[in-house]
Structures are given as C-alpha cells and as structure tokens.
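The values are calculated or read from the model by the stated rules, or taken from the named source; none is laboratory data. No experiment lies behind these values; they were computed from the predicted model shown. Don't worry about glycine lacking a Cβ; one is built from the backbone with ideal geometry, like all the others, and counts go over all protein chains shown. Accessible surface is based on the protein model in full, side chains and every heavy atom, while ligands, DNA and RNA are left aside. Shrake-Rupley method; radii C 1.70, N 1.55, O 1.52, S 1.80 Å.
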Amino acid sequence: MGNYVYCCRECGRTYGRDEVRYLCPDCGPRYRPGQPLVGVLEAVFDYKLIAKRFDKSKPEWRLFSAVEPKYYPNFPVGGTPFFKVERLGREVGLKNLWIKNDGLNPSGSLKDRASFLVVAEANRIGDKQIVTASTGNAASALAAVCAAAGKKAIIFVPKNAPKAKLVQILLYGAKVILVDGTYDDAFKLSLEYTEKRGGLNRNTAYHPLTIEGKKTVALEIWAQNDFKAPDAVVVPVGDGVIISGVYKGFWDLKQAGLIKQIPRLACVQAKTSDAIHKYIMTGKYRNAVKPSTTADSISVSAPSNAHMARRAVLDSKGFSLTVSDREILAAQALVARTTGIFSEPAASAAAAGLVKISKANTLGKNAQIVLLVTGHGLKDIDTPLAGLKLPRPIQPILSAVKGT
Ligand SMILES: *Cc1c(COP(=O)(O)O)cnc(C)c1O
Ligand SMILES: [Zn+2]
C-alpha cells in the first residue's frame, strides 16, 4: 500500500516510510540509554481510503498493514482463538468475560506478531540480518520467523532468561549473545551493535513496526467480536508496546469510522516493575528501581515505550494497577483450572489484575472485558513448579489408589 506516513507525536513531524527507520530524527537523539525511548514513530494511514474500501463481509486487512503482503514471510502468525470464558467469569464475578489466547502463536507468544512484520519489512528493504534484545519472548519469536524466512537472527538476552525460551532460540538457529546483566543492559548493547555492525534492529518500540505488528491483535478481537469493540481489554505491561499496539489497532478502526469508541485499556504491571504504572498515576516518569518479578517478560527498569503507553491508557479512559508475584501465581493457577489455558507468569499478571478489577468493581459486572493472554505457560515451568507438589508414585494396584 504505502498508504501511510510515520508521525512523531512528540514534535508532530511526519516522514515518508523510507525517510526514517527507527526513531524521529529530531527527537530520537534526546534518548539516553537506560531511559525510555524518545520520538517513537507511529504509522498514520490514509483513513479516508480505508473507510471507503474496507468491507466487513470481505475484510481486506492489508489496508491496515504497513508492509505489503507480498513481503510477508510464509509463516502464519495470529488468527488466535477468541472466546467467552464463563467459568472463570463466574469465579471472579464477571458476566461477560472473554479471552484472546495469543499464547497459541507459533513460538508461543504475542511477540510473533511484531517479529512477523519486521521480517516482512526486512524482506522489502533486502536486509538479511535482524538483531534484537529481549527478555526471551521477542527473541524466540524473531528466531522462529527468521528460521521460516531464511534470515539471520542475532539475539541479546539477559543470562537469567527462562530455559525454555533459550532452548527455542537455539533450536531455531539464531545466534545468541547471553548478557551478564539485565534486559536494560541487553537493550543498550543491541543498539550499539546494529549501529556499528549493521543489521535491522527489531527492538521493541525502537522499530516502529513492532507496534504495527502487535496492533493486529486488536483488529482480530474486533472482527472476532462481530465487528464490535469490547468495553475493556486487560493487558500485562512491561515495555508498554503490546498495550500501545492494542490501542493503535482500535485507534486505526476509530479513525476509519469503523468503531465509535476505543475500549478502556487496563494496564497491569508487576509491583517491582512499575515504571509505567507510576508514570500514569503521577504524571512523572522514573525508572523502576530494582525489577525483581518472576514474570520475566514484564521485568524492566526503563520501559522503552513508556510515553506512548501512558498516552494509550489515558486516551482510552483506561487505568493502571500493579500485582504481586503471589497474586500472579495464584491467577496463573486460577486461569488454568477454570479455562484449560496455561499462561506464562507475565501473561498471568493480566489475570491477577482482572481479579482486582472485579473486586473493586471498576468496570461493573456486565461490561464485556477481554483478558489478553500474551504467552504460553510451557515457556516457563520452573516458576509454577516451585509452588506445586508432585504426587508420589504408587504400586500399580487398585487398592493403592486413594481418595477418588
Ligand atoms: C513482552 C510480553 C509482555 C509485555 O509486553 P510489553 O510490550 O513489553 O509491554 C507481556 N506478556 C508476555 C508473555 C510478553 O512476552
Ligand atoms: Zn519528533
């Protein structure tokens, strides 16, 4: 299509798609490593054209796509299940609760959506090597899409990333650089690497198409919900790119006249990784001092997309809350036993938030609420295993089977 420009919300300047690659050339240089990014770009489409051409009976999703489908890797992502969860709803006291299960993406997390679009962009501009820093899921997603597309993935991960994520990355054939430091350190190092040694950088929010990729989850929710926007979406937040992507998807639909109102976005962060939460509550930004949550995918000191995430929550008339690791693990078990969905700790943070939202009656009992499940539980079994007691083996005779 090419029917979009990049816009910097900080200075309002716009750029053609091939004039810029990462941050706004004017605002980006104000970014300091160890702080949120400045001048993150947003793709602004020709919404009049979309309004004229988009037909619900035959949806042309490429109207919303920042990369032409002919460049897409042959590796389907998205199209994940969306369905009502009555048992979980009854358990927490909500009458109209739904799940979008993005743990069922090919590499097991919503990150596949962003990696897919950045690899499509690499196909378009002819880049063979893609670089990223990640707590684990962006890395396994990029490694998977690169494997399918025949590209080289170079990946910087903190050394404490869960084993399953590392195994995925290695099996997919990516080059892994294990950083003796935090995710924030890996982020910094990967930027320096691409600057000095080349390759397309896929760092979350730094490459604007990560947001565009993630927005497809909102477009799908809308379509699967009979082309209606739900009342609210509950999102687990680390760097603040998923929540910005969800907002962007609904914002696009609103600009095109396809929905009237953007759902209220509930931002859920871990208590020790709460920089965006505090920013929303106080209007002042400060790094989280020592993120130590077991929900590794949302553990970050300086969330790269803090500014856009805050705007997404405020503009949607949303709100923000934090949850403890204990609440996260309890919610993980609750979701598993009432829905059959095993979600990783970071994804379960949203469910923990949902429990609080329901208790406080923030959205009422009848609102249509979507719980966004962002990652599969098998990505990290050590965390829930610590709280479980495995049964002892018995003799294979019926009399040894007790209690049932
Ligand atoms: C990355 C991730 C998040 C948080 O997304 P951000 O864009 O960093 O806010 C939540 N859950 C899972 C499973 C993730 O992989
Ligand atoms: Zn700018």
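Within the range 27-46, residues that are under 17 Å from Lys248 (Cβ atoms) have Cβ atoms under 9 Å from residues that are within 16 Å of ligand 1 (Cβ to nearest atom) and aromatic (Phe, Trp, Tyr) in these pairs: Leu37/Tyr206; Val40/Tyr206, counting only partners at least 6 apart in sequence or on another chain. All of Ser320, Ser358, Ser324 fail the test of being closer than 24 Å to Tyr279 by Cβ, of a type in the set (Gly, Ala, Ser) and either loosely packed, with under 15 Cβ neighbours inside 10 Å or more than 18 Å from the chain's Cα centre (by Cα) (or both), apart from Ser324. Of the residues in the range 167-179, none is in contact with an Asp or Glu (Cβ under 9 Å, 6 or more places away or on another chain), closer than 20 Å to Asp296 by Cα and not in a strand (DSSP E or B).
Annotation note: of Leu104, Leu189, Leu170, the sole residue that is within 16 Å of the chain's Cα centre (by Cα) and of a type outside the set (D, E, K, R) is Leu104.
Are any of the residues in the range 85-97 open to solvent by 60 Å² or more (accessible area, probe 1.4 Å), over 21 Å from Leu253 (Cα atoms) and part of a loop (DSSP other than H, G, I, E, B)? Steps first, answer last, please.
We begin by selecting, within the range 85-97, every residue open to solvent by 60 Å² or more (accessible area, probe 1.4 Å); these are 86-87, 90-91, 95.
Pick out the ones that are also over 21 Å from Leu253 (Cα atoms) and you get 86-87, 90-91, 95.
With part of a loop (DSSP other than H, G, I, E, B) added as a condition, the list becomes 95.
Scanning the range 85-97, I find at least one residue that is open to solvent by 60 Å² or more (accessible area, probe 1.4 Å), over 21 Å from Leu253 (Cα atoms) and part of a loop (DSSP other than H, G, I, E, B), so the answer is yes.
With respect to (1) within 14 Å of ligand 2 (Cβ to nearest atom); (2) surrounded by fewer than 18 Cβ atoms within 10 Å (Cβ to Cβ); (3) under 19 Å from Glu212 (Cβ atoms); (4) modelled with pLDDT of 95 or more, the lone exception for Arg9 is condition (4). For the range 367-383, check the following and say yes or no: at least one residue is surrounded by 12 or more Cβ atoms within 10 Å (Cβ to Cβ), closer than 20 Å to Gly240 by Cβ and basic (Lys, Arg). Taking every residue of the range 367-383 in turn, none turns out to be surrounded by 12 or more Cβ atoms within 10 Å (Cβ to Cβ), closer than 20 Å to Gly240 by Cβ and basic (Lys, Arg).
Taken over the range 143-169, the criterion of being among the aliphatic types (A, V, I, L, M), touching a residue at least 24 places away in the same chain (Cβ under 8 Å) and either surrounded by fewer than 21 Cβ atoms within 10 Å (Cβ to Cβ) or on the phi > 0 side of the Ramachandran plot (or both) is satisfied by Ala147, Ala148, Ala164, Leu166. Against the list (1) without any contact (Cβ under 8 Å) to a residue 40 or more places away in the chain; (2) touching a Leu at 6+ places or on another chain (Cβ under 7 Å); (3) not in a helix (DSSP H, G or I), the condition Lys100 fails is (1). Once the range 18-74 is narrowed to residues that are within 13 Å of ligand 2 (Cβ to nearest atom) and of a type in the set (Gly, Ala, Ser), the residue that is surrounded by the fewest Cβ atoms within 10 Å (Cβ to Cβ) is Gly28.
Taking the range 221-245 on its own, how many of its residues are on the phi > 0 side of the Ramachandran plot and open to solvent by 10 Å² or more (accessible area, probe 1.4 Å)? I'd like the intermediate steps shown before the answer.
Step one: filter the range 221-245 for residues on the phi > 0 side of the Ramachandran plot, giving 226-227, 240.
Narrowing further to those that are open to solvent by 10 Å² or more (accessible area, probe 1.4 Å): 226-227.
Here the count works out to 2.
The set of residues from the range 45-74 being within 19 Å of the chain's Cα centre (by Cα) and either modelled with pLDDT under 95 or over 16 Å from Ala223 (Cβ atoms) (or both) comprises just one member, Ala66. If only residues of the range 170-194 that are open to solvent by less than 70 Å² (accessible area, probe 1.4 Å) and aromatic (Phe, Trp, Tyr) are counted, the one that is modelled with the highest pLDDT is Tyr193.
Here is a yes/no grid of residues against (1) among the basic types (Lys, Arg); (2) farther than 19 Å from Val38 by Cβ; (3) without any contact (Cβ under 8 Å) to a residue 24 or more places away in the chain:
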| position | (1), (2), (3) |
| --- | --- |
| Phe227 | no, yes, no |
| Pro236 | no, yes, no |
| Asp252 | no, yes, no |
| Ser273 | no, yes, no |
| Met281 | no, yes, no |
| Arg286 | yes, no, yes |
| Val289 | no, yes, yes |
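Gly257 meets the stated requirement of being on the phi > 0 side of the Ramachandran plot and away from ligand 1 (no atom under 11 Å from the Cβ). Could you list all residues from the range 7-20 that are touching a Leu at 6+ places or on another chain (Cβ under 8 Å) and more than 16 Å from Ser244 (Cα to Cα)? Within the range 7-20, Tyr15, Val20 meet the criteria.
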